[in-house]
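> Sharing a structure here in structure tokens format.
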Amino acid sequence: MALITLAIGMLGCTIEREQLSQSWQIDRTRILGVLAEVADETGSPTDRAEASPGETVLLSSLHVHPTQEIGGVFWMGCALTSADEFGCETDPEAIEALFDADIETLSFEEQLALYEEARAAGFLGFEPYSEAFLQPQIQVPEDLLDELEPSEQLEGLSYIVNMVATPENKSGEMDDSDTEIATKRVVVSQAVDGLPWTPNHNPKIQYLLIDGEQHVPGTPRSASPGDTFELEPILTTASIEEYSYINRSGEEEIRQEEPWFAFYTTDGFFDIPFSLSEYSEVDFSIPKETVSESIQVWIVVRDRRGGMHWHEQIFEITQDN
Amino acid sequence: MLALLLTLSVHAQDIAPPNPESSPTEEAEPPPLTRLPELLEFVQAPYPQTALEAGTEGVVGLLIQIDASGAVTQAEVIRSLTPELDAAALEVAPQLRFSPAEDENGPTPVMIEFDYGFVLDSATNEAAVPQDDETVEAPVNFEGLVLEMATRRPLAEMGVLLVETEISTETDADGRFSLRGVPLGKHTLRIARPGWRTLERQVEITENELVSIELWVKNDSWTEDEAVGVYRKAREEVTRRTISVQEVRRIPGTFGDPVRVIQNLPGAARAPFGSGGLLIRGANPEDSAVYIDGIRIPLIYHLGGYVSVFNADLLESVDYLPGGYGVQYGRSLGGVVDVSTRKESPEQPRLSWSTDILDSGGLFEGRLGKDGQHHVAIAARRSYVDLLLPTFLKNTGVTALPRWYDYQLRYHHKGIWDVTALVFGFGDSLFLSTDPDIPQGVDADTQGAAEIFYGTHRGLVNLEREFSDNFSMRLVPSFGVDLAEFGLGSTFDIEQDQWLIEVRAEANWRPHPKVEIIPGVDFLGGWYTFNVGLPFSPTMELDADPTQEREPVSFGDDGSGWGPDFYLKTQIRPLADPDDLLLTAGMRTSIVTVVDQYTAVGLDPRFSARHRLFENTWVKGSAGIYTQPPQPFEGWAPEGDIDIDFEQAASASLGVEQSLGQATTLEMEGFYKDLSDLVVENSELTDYNTQASFVNEGVGRIYGLEAMLRRDPVDDFFGWVSYTLSRSERLDHPKHGDTQWYPFDFDQTHIFVALAGVELPRAWRASGRFRYITGNPYTPYELGVYNVDEDSYTAFPSGDPNSDRLPDFYSLDLRTEKRLTFKKWRLDLYVDVLNAVRGENAEYVNYNYDYTEQRWIKGLPLIPSFGFEAEIWL
């Protein structure tokens, strides 16, 4: 035993008595994913994640908390050209004016004016939104790429999006002690559908295989304490895209996306909390001593080009005795 | 008359006669005498008439007291012959003269048993008078050879006594003895000498036969075969602490490693668990230099930092120079560790084998040729953790194979030139992999096994010659290669090879008895190649865009570099007693040229002085400039022709040494070091291809006070107490308005070490070490911002750089050893327990995924190590 102990020490491992919380454990306010969907002419979302100048990008987030409701997710953003290392440089006064205002005393037009002023300062929206104009979205300026070379316009640049999620406490007030701050890039380019300049589209988890069998999306799965399930998310065939890439030598390469999955849960544990498309399945175990009546599992897929999607699965726990 | 003089036993302050009932196997506590009294002047007693007429012969047993001058101050009869002969012996006893007995403190009074014999001349029946060549002697009928157990070394000056007849003698230089006229029959033979276990054997003398016997005596001393003699070296440096191999092997927590012991000396900070870096006086690990026989090597530890890369059995000493060292050492801002190998092999061929829980190794050494003038040694070692680890990792899907090896081959011949050839090398590798269907991360480019390898091979010839009493030379050419490789998956691959030629040539000229001039050259040159394969371009990474497409890149280069450093060192001892004052002045020119990359030139003037203020008190001081070239990766850019220079340190120290008796010293020393032109990352870097990644913009300051109270290992006890109070700070970009000094990553304000070892009866040893060290600084973080695209958090510092510290470090380490000595071999068994009491110590800080929680990564709570070393003399 001494041998293995010392050998582990050699490898830089240590005996850890106090475990830190793990990223896949949902025990606080978390933003697990952000969906950026380019709107079509009707304002409806499409599966395209990469926008062109003048288009609108609709934003939504997967925000979770193990016990509380997320009171709100505040969205801000700006083009990369006006961002510093960590995010957007904004005019806080214009944004504060929106939140300090007594909305109920304002007319719709006054609310809209306040919104437009805040939006000009970087405000993108709010979740949950009561008015359509509060829906988080990016109005990509028509001239965003004008200063780029034509080849650079095809590659595009990023729009930086920042979010702050805050839960509500039991009395319905915002709990600032448990907020989550997140950032994401949304690519804006002149790429249009079809090779060689395919703009990125969000992947999509079509369904989930549980122990090798297709599970109906949106329906809970019965389970008992101590159960272990093999989870394998299945993507739609269109999820893994081919795209063109100009390498450093100026040569064009056709590449294929390599999406990967991240797994999260409110209870239980995974053998590995992530998987690649090539190794998609993971084992999810429900603790023998769990007292949960319902356990949530979220699977988020990312295509490494900014596209993502998620899937929620609920396990209803039946105590055997 | 022939008086027989038999010294049977010697006891300091002990007048008890020997116990004839003692069993041969009973343990004899060796008296603490270092030298026995020897008879210098014998006085013949007149033979009493009555005894003469009666023909009485025999021995009078006397117990006599000898004072510190060798004079007999008291005598009494403990075995009577006849009253007349007893009186005659007592009368002349005060006139006998001896050399005084000695212990570690010098001459000392003792009491000895002394047999005064009376023998009649058979021819005349008168009192026999000693005659040189006319005495008729009985034939030799009993002879023997006395050898030391295990080493098989002949033992001289061993007392030989036939107990019943009280006939005695001593072994000669070859370990042989012979006795004449031993009465026929059975006798008890006793072999005795302080420091060796008393041996008794039954022998039978038969008529007309020469009885021969070979006897094996066990050495009860641990120190007999170990390098006590190298403990004190000439004190040329202001601070040179020499560690003998004997000390090293007794210090717990060092695993018998001569270099690990340095962490217990003043000025040496504790490296984090498992890293084994040399952290000397607040300098980076790469700022300190390690030499083997004058040739620099890149690493001194195997993987994990537990074992040095050189067989400890082949080392003679390890010199530790934390600062203020002379111009013969260069290209370093920190300290120096100068390892000297043992040149000579024992007369008796020796094979040793050591095994512990990490590795096993063997050593053979001996002498070849007619006169044994060719000393050879060969040693090798290999770890076997990689062979055993799979057993423990079975069914985990993880494969982890750490392994190392090292080898040494040494030849030495002393002729007109003192020639030592040394070939040595080592290799370390670590292979990590998981089952193919288990992803190691979310990045497809990094799927696959990880492998690290580094190795060094060197060959050197050390040539020394004394042309006259005033002039000698030393030449050490060497050639070797350093290899390093790192691979991860199919796209990460970094390889680097360096072929090195190092030559050190040094002369020593004494134009005047008080003046010593040492010119020398320390040449370092060679060729390098490296290849780097990455799944992304470093240039692209500057943008840190997780959605940006990555492109595998590979680049490499080959080239050469060289640097002939010349130095001149002058030592002057101007006072009548040369030990009273030593002034040393030296100058070193440092040049490094990496072809097509950069050239740097430095000038290192250094001064030091030692002065004996009082009989046992020395003051010492030093001042000097130290320069160091950039690390290889810092001095290279794709386009070449980079603007980078030496790092520099201006150093000064002042200290005092006080001798407290023969074996105890107290040292105190204060030091200050001003660092400038430190190589730091270029804060304005935007393009790796066209801009320098590193610039000489950093500065630093290091200051402190060191103290050490040390008891030398001259007897059964050794130990020291060491304390360092220091501060090491850095400022990275003062030219860009950076004013915030921050503590060095391994800045440890208080370093306290107390250790001691003792030899116990029955060949046991025990030692212990206690350490208290201030925790390392670290930069605190809080509030990570979630990067949704990468599924990772970016942390923000919540304080200044290195503004928090890990908890203080405490450790109590224990070691015990047992030596078993057999006829032809010896076995040492040991148990070494690190951190025996305190439990875990924080080594690093670890945060959770979003930096809202932190926890200490702790060292192992208790590390046991056990093993053995067997030595066989062939």
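> May I ask you to list the residues in segment B:842-874 that are more than 7 Å from every other protein chain (Cβ to nearest Cβ), modelled with pLDDT of 85 or more and part of a loop (DSSP other than H, G, I, E, B)?
B:Asp850, B:Tyr851, B:Thr852 - these are the residues of segment B:842-874 that are more than 7 Å from every other protein chain (Cβ to nearest Cβ), modelled with pLDDT of 85 or more and part of a loop (DSSP other than H, G, I, E, B).
> Another one. Given the criteria more than 15 Å from the chain's Cα centre (by Cα) and surrounded by 15 or more Cβ atoms within 10 Å (Cβ to Cβ), does A:Ile272 qualify? If you could, list the steps in order and put the result at the bottom.
Details: more than 15 Å from the chain's Cα centre (by Cα): yes; surrounded by 15 or more Cβ atoms within 10 Å (Cβ to Cβ): yes.
It is true that A:Ile272 is more than 15 Å from the chain's Cα centre (by Cα) and surrounded by 15 or more Cβ atoms within 10 Å (Cβ to Cβ).
> In segment B:82-106, what count of residues is obtained for those that are at pLDDT 85 or above and either surrounded by 15 or more Cβ atoms within 10 Å (Cβ to Cβ) or not in a helix (DSSP H, G or I) (or both)?
Just the residues of segment B:82-106 that are at pLDDT 85 or above, to begin with: B:82-96.
Restricting the remaining residues to those that are either surrounded by 15 or more Cβ atoms within 10 Å (Cβ to Cβ) or not in a helix (DSSP H, G or I) (or both) gives B:82, B:84-86, B:88-90, B:92-93, B:96.
Of the residues in that region, 10 qualify.
> If I filter segment A:11-26 down to residues being at pLDDT 90 or above and in a loop (DSSP other than H, G, I, E, B), which single residue comes out as nearest to the other protein chains (Cβ to nearest Cβ)? Don't jump to the end; show me each part of the working.
Our first condition is that a residue be at pLDDT 90 or above; within segment A:11-26, this holds for A:24-26.
Restricting the remaining residues to those that are in a loop (DSSP other than H, G, I, E, B) gives A:24, A:26.
On the way: A:Trp24: 9, A:Ile26: 12 Å.
Checked segment A:11-26; the qualifying residue nearest to the other protein chains (Cβ to nearest Cβ) is A:Trp24.
> Go through (1) in contact with a strand residue (DSSP E or B) (Cβ under 9 Å, 6 or more places away or on another chain); (2) under 26 Å from B:Ile167 (Cβ atoms) and name the single condition B:Ala54 misses.
(1) is the only condition that B:Ala54 fails.
> Filtering segment A:234-254 down to residues that are at pLDDT 80 or above and outside any strand (DSSP E or B), which residue is nearest to the other protein chains (Cβ to nearest Cβ)?
Looking at the filtered set, the residue picked out is A:Glu251.
> Taking only segment B:563-591 into account, find how many residues are modelled with pLDDT of 95 or more and over 25 Å from B:Arg510 (Cα atoms).
0
> Further question: When residues of segment B:342-360 are filtered for being away from chain A (no Cβ under 14 Å), surrounded by fewer than 20 Cβ atoms within 10 Å (Cβ to Cβ) and outside any loop (DSSP other than H, G, I, E, B), how many remain?
2
> Could you please find all residues in segment A:292-309 being within 14 Å of another protein chain (Cβ to nearest Cβ) and either over 23 Å from the mean Cα position of the chain (by Cα) or surrounded by fewer than 21 Cβ atoms within 10 Å (Cβ to Cβ) (or both)?
To start, the set of residues in segment A:292-309 that are within 14 Å of another protein chain (Cβ to nearest Cβ) comprises A:298-309.
A:Trp298, the sole residue that qualifies.
> Hand me the list of strands (runs of 3 or more DSSP E) wholly inside segment B:545-625 holding 1 or more residues that are within 14 Å of chain A (Cβ to nearest Cβ) and surrounded by 21 or more Cβ atoms within 10 Å (Cβ to Cβ).
none
> For segment B:281-297, state whether one or more residues are aromatic (Phe, Trp, Tyr), outside any helix (DSSP H, G or I) and surrounded by 23 or more Cβ atoms within 10 Å (Cβ to Cβ).
Step one: of segment B:281-297, the residues aromatic (Phe, Trp, Tyr) are B:291.
Imposing the further condition that a residue be outside any helix (DSSP H, G or I) reduces the set to B:291.
Narrowing further to those that are surrounded by 23 or more Cβ atoms within 10 Å (Cβ to Cβ): none.
Among the residues of segment B:281-297, not one is aromatic (Phe, Trp, Tyr), outside any helix (DSSP H, G or I) and surrounded by 23 or more Cβ atoms within 10 Å (Cβ to Cβ), which makes the answer no.
> Here's another thing I want to ask about it. For segment B:818-840, indicate whether the set of residues that are under 20 Å from B:Ser726 (Cα atoms), within 14 Å of chain A (Cβ to nearest Cβ) and of a type in the set (A, V, I, L, M, F, W, C) is non-empty. Show your work before the answer.
Here is the first cut: in segment B:818-840, the ones under 20 Å from B:Ser726 (Cα atoms) are none.
Scanning segment B:818-840, I find no residue that is under 20 Å from B:Ser726 (Cα atoms), within 14 Å of chain A (Cβ to nearest Cβ) and of a type in the set (A, V, I, L, M, F, W, C), so the answer is no.
> Considering every residue within segment A:190-205, establish whether at least one is over 26 Å from A:Gly77 (Cα atoms) and surrounded by 19 or more Cβ atoms within 10 Å (Cβ to Cβ).
Checked segment A:190-205: at least one residue is over 26 Å from A:Gly77 (Cα atoms) and surrounded by 19 or more Cβ atoms within 10 Å (Cβ to Cβ).
> Of the residues B:Val695, B:Val656, B:Val680, only one is within 21 Å of B:Gly561 (Cβ to Cβ), in contact (Cβ under 8 Å) with a residue 12 or more places away in the chain, not charged (D, E, K, R) and not in a loop (DSSP other than H, G, I, E, B); which?
Values: B:Val656 fails: within 21 Å of B:Gly561 (Cβ to Cβ); B:Val680 fails: within 21 Å of B:Gly561 (Cβ to Cβ).
Testing whether each residue is within 21 Å of B:Gly561 (Cβ to Cβ), in contact (Cβ under 8 Å) with a residue 12 or more places away in the chain, not charged (D, E, K, R) and not in a loop (DSSP other than H, G, I, E, B) leaves just B:Val695.
> OK, next. Go through segment A:122-134 and report how many residues are part of a loop (DSSP other than H, G, I, E, B) and buried (at least 19 other Cβ atoms within 10 Å of the Cβ). Before you say what the answer is, go through the steps one by one.
Start the filter on segment A:122-134 by keeping residues that are part of a loop (DSSP other than H, G, I, E, B), which leaves A:122, A:128-131.
Filter once more, so that each one left must be buried (at least 19 other Cβ atoms within 10 Å of the Cβ): A:122.
Within segment A:122-134, residues that are part of a loop (DSSP other than H, G, I, E, B) and buried (at least 19 other Cβ atoms within 10 Å of the Cβ) number 1.
> Given the residues B:Val376, B:Val327, which is the only one that is among the β-branched types (Val, Ile, Thr), in a loop (DSSP other than H, G, I, E, B) and over 20 Å from the mean Cα position of the chain (by Cα)? Explain how you work it out, then say what you get.
Values: B:Val376 fails: in a loop (DSSP other than H, G, I, E, B).
None of the other options fit; the residue is B:Val327.
> Let me ask you something else. So is B:Phe633 aromatic (Phe, Trp, Tyr), more than 32 Å from the chain's Cα centre (by Cα) and not in a loop (DSSP other than H, G, I, E, B) or not?
Values: aromatic (Phe, Trp, Tyr): yes; more than 32 Å from the chain's Cα centre (by Cα): yes; not in a loop (DSSP other than H, G, I, E, B): yes.
Judged against the criteria, B:Phe633 is a match.
> Name the single residue that is farthest from the chain's Cα centre (by Cα) among those in segment B:335-373 being of a type in the set (A, V, I, L, M) and over 20 Å from B:Gly425 (Cβ atoms).
Applying the first criterion (of a type in the set (A, V, I, L, M)) to segment B:335-373 yields B:336-337, B:339, B:351, B:357-358, B:363, B:368.
Subset that is over 20 Å from B:Gly425 (Cβ atoms): B:336, B:351, B:357, B:368.
On the way: B:Val336: 14, B:Leu351: 20, B:Ile357: 21, B:Leu368: 27 Å.
Going through the qualifying residues, I end up with B:Leu368.
> Additional query: Every residue in segment B:755-767 that is assigned to a strand (DSSP E or B) and crowded, with 17+ Cβ neighbours inside 10 Å, please. Can you show your working first?
If we filter segment B:755-767 for residues that are assigned to a strand (DSSP E or B), which is where we start, we get B:755-760, B:764-767.
Residues satisfying the conditions are B:Leu755, B:Ala756, B:Gly757, B:Glu759, B:Arg765, B:Ser767.
> Considering only segment A:85-124, state which residues are touching a Gly at 6+ places or on another chain (Cβ under 8 Å) and either at pLDDT 75 or above or at positive phi (or both).
Across segment A:85-124, the qualifying residues are A:Ile95, A:Gly122, A:Leu124.
> In addition: Can you tell me which residue in segment A:263-276 is farthest from the other protein chains (Cβ to nearest Cβ), limited to those that are of a type in the set (A, V, I, L, M, F, W, C) and out of contact with any Ser or Thr (no Cβ under 8 Å at 6 or more places or on another chain)?
Within segment A:263-276, the first condition is being of a type in the set (A, V, I, L, M, F, W, C), and the residues that meet it are A:263, A:269-270, A:272, A:274, A:276.
In the following step, the residues that additionally are out of contact with any Ser or Thr (no Cβ under 8 Å at 6 or more places or on another chain) were identified as A:272, A:274, A:276.
On the way: A:Ile272: 7, A:Phe274: 5, A:Leu276: 5 Å.
Going through the qualifying residues, I end up with A:Ile272.
> Within segment B:775-809, can you find the residues that are over 38 Å from the mean Cα position of the chain (by Cα), assigned to a strand (DSSP E or B) and among the charged types (D, E, K, R)? Let's see the steps before the verdict.
The initial filter retains those residues of segment B:775-809 that are over 38 Å from the mean Cα position of the chain (by Cα), namely B:780-800.
Filter once more, keeping what is assigned to a strand (DSSP E or B): B:781-787, B:792-797.
Within segment B:775-809, just B:Glu782 meets the criteria.
> Starting from segment B:418-430, take each residue that is within 14 Å of chain A (Cβ to nearest Cβ) and list its partners that are buried (at least 22 other Cβ atoms within 10 Å of the Cβ), counting only C-beta distances under 6 angstrom and pairs at least six apart or across chains.
Hits for this filter: B:Asp428/B:His302; B:Asp428/B:Leu303; B:Asp428/B:Trp404.
The values are calculated or read from the model by the stated rules, or taken from the named source; none is laboratory data. In this text, all values refer to a predicted model and were calculated from it rather than measured experimentally. Neighbour counts run over all protein chains shown; Cβ positions are idealised from the backbone, glycine included.
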